[in-house]
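Engineer: Got a structure here, written out as structure tokens. Questions coming.
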Amino acid sequence: MAATSLASETGGPEKRLGFMQRHPGLVPPLGLLVPLALLIILITIINPIFLDSRNVFNVFRQIAIFLILGTGMTIVMAARGIDLSVGSTVALSGCTAGLVLKSGLFADDVLSVLAILTAIGVGGLVGLANGFAVTRLKVPPLIVTLGTLTAVRGTAYLVMGSDQVRNFPDSFLWIGQGQVFGIPVAGLIALAVVLFGAFLMNRTRFGTYVLAVGGDRSAAIRAGIRVSRYELGAYIICGALAGLAGALLIARLNAAQAVLGATMELHAIAVVVLGGTYLFGGYATLLGTLLGAIFLGVAENGLLLMNVPFYWQQLVIGLTLVLAVSIQLYRFRRQGMSGG
């Protein structure tokens, strides 16, 4: 599931592992397996209920949102971008989907499909707005998405106000609460999204060019790649996946309100960085994102089982993100790589 930078001034592809070969100090995504195993052992010793099948599937269901958001964030970061608005997009898309479900205009099954498509569409429009500002207006991604983080959240409040809608059709709740052979549907959807992301980044021209743009934008331009098109595409995909995450979240909670998705952008960035995706573009690993989501989900569940207060959980997540970025930057500097 790892994708590597394929850009060169002539546009010809390099060897598949070229990026890792040029920077051997980078740790591949499987390097997260050891700390993950140690974390699982530690939590199990403290509270053996962690390995109970119901708890394991609960973790699987919880990380589904992180995994879907992380997949979109991985694609954006591969292009040397970032999207801080995904949490707000989750809220807006979830609220919009909730209003569609409560409209009563069609049969429940039709409304369920329409709500999911609406959530994805709303998310895609937010991604389009972000991508347009980055590619056409030339505003730095950090500033653009910091602005839309607030603007989209405000729009969610305009749509929903301080109220909430509840009690959605069973056909819709199935995607957030249902099971297939005992496995949460939300988790299966998240795995399908990761596989889609891996295929996109490894087996398509889009993924190749996104990585080329992130690896060396100037060389990509000289190679004739339409850089803006692929950057825009990355943001649209990230937004659409945030919309899907919003639909799954309200299906899991059986409620939609404007406060949903708060701080989820930090979770998304954390799972991507923990997984080993290069912070400054050109290298992305969806396998790493998967392991990063599992690591974060296990950590949060373990803290919950140990009755750690919520604010301490937030502290741990924040420190984990800072530590992961610090370790990554340290490794890059040892290789003589620059964040640019």
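All of the numbers you see were taken from the coordinates with simple rules; none came from a lab. On a predicted model such as this, the values are computed, not experimentally measured, just so you know. Cβ coordinates were reconstructed from backbone atoms using ideal geometry, including for glycine residues, and neighbour counts include every protein chain displayed.
Engineer: Taking the Cα centroid of region 190-213 and of region 132-151, what is the distance between the two, rounded to the nearest whole Å?
Structural biologist: When both Cα centres are located, 23 Å separates them.
Engineer: Name the residue from 193, 312, 277 whose Cα lies farthest towards the positive end of the charge dipole of the chain, charges +1 on Cβ of Lys and Arg and -1 on Cβ of Asp and Glu.
Structural biologist: 277
Engineer: Continuing with this model, one more query. Scan the chain and hand back the longest stretch that contains none of the trypsin sites (Lys or Arg not before Pro) lying in DSSP loops with at most 16 other Cβ atoms within 10 Å. All intermediate terms of the calculation are to be shown ahead of the outcome.
Structural biologist: Details: sites that count: 15, 16, 102, 136, 138, 226.
That gives 227-340 as the longest site-free run.
Engineer: Another question, if that's okay. Please name whichever of 211, 241, 225 sits farthest to the positive end of the charge dipole of region 171-258, dipole taken about the Cα centre and charges placed at Cβ: Lys and Arg +1, Asp and Glu -1.
Structural biologist: Positive-most Cα among the choices belongs to 225.
Engineer: Would you mind calculating the relative contact order of the chain from Cα pairs under 8 angstrom and at least 6 residues apart, reporting the percent as a whole number? Intermediate results must be reported in sequence, preceding the final value.
Structural biologist: Details: 643 pairs, mean separation 117.5, N = 340.
Worked out over the chain, it gives 35 percent.
Engineer: Report the charge-dipole magnitude of the chain in Debye, nearest 20, computed about the Cα centre from +1 at each Lys and Arg Cβ and -1 at each Asp and Glu Cβ.
Structural biologist: Values: 21 positive and 12 negative charges, 199 e Å.
Roughly 960 debye, rounded to the nearest 20.
Engineer: If you don't mind, there's one more thing I want to ask. From the phi angles alone, apply the Karplus equation (6.51, -1.76, 1.60; θ = phi - 60°) to region 105-117 and give each ³J(HN,Hα) in whole Hz, x where the residue is Gly or Pro.
Structural biologist: 6, 9, 5, 4, 4, 5, 4, 5, 5, 5, 5, 5, 5
Engineer: When only C-alpha pairs under 8 Å and at least 6 residues apart count, what is the relative contact order of region 186-306, in percent? Could you put the intermediate results ahead of the total?
Structural biologist: Details: 85 pairs, mean separation 30.7, N = 121.
Rounded, it is 25 percent for region 186-306.
Engineer: With θ set to phi - 60°, apply the Karplus curve 6.51 cos²θ - 1.76 cosθ + 1.60 along region 239-252 and write out the HN-Hα couplings as whole Hz, x wherever there is a Gly or Pro.
Structural biologist: Karplus-based 3J(HN,Hα) across region 239-252 equals x, 4, 5, 5, x, 4, 4, x, 5, 5, 5, 6, 5, 6 Hz.
Engineer: Output the relative contact order of region 257-322, whole-number percent, from Cα pairs under 8 angstrom with separation of 6+ residues. Intermediate results must be reported in sequence, preceding the final value.
Structural biologist: Details: 48 pairs, mean separation 21.4, N = 66.
Value for region 257-322: 32 percent.
Engineer: Would you mind getting me the FRET efficiency between residue 37 and residue 107? Use the beta-carbon distance for r and R0 = 51 Å, nearest 0.05. Mind showing how you got there, number by number?
Structural biologist: On the way: r = 48 Å, r/R0 = 0.94.
My answer for the efficiency is 0.60.
Engineer: Separate question: Summing -39500 (n - 2.57) over the DSSP H runs of n ≥ 4 in the chain and dividing by its residue number, what mean residue ellipticity at 222 nm do you reach, to the nearest 500 deg cm²/dmol?
Structural biologist: Helix-only estimate at 222 nm: -23500 deg cm²/dmol.
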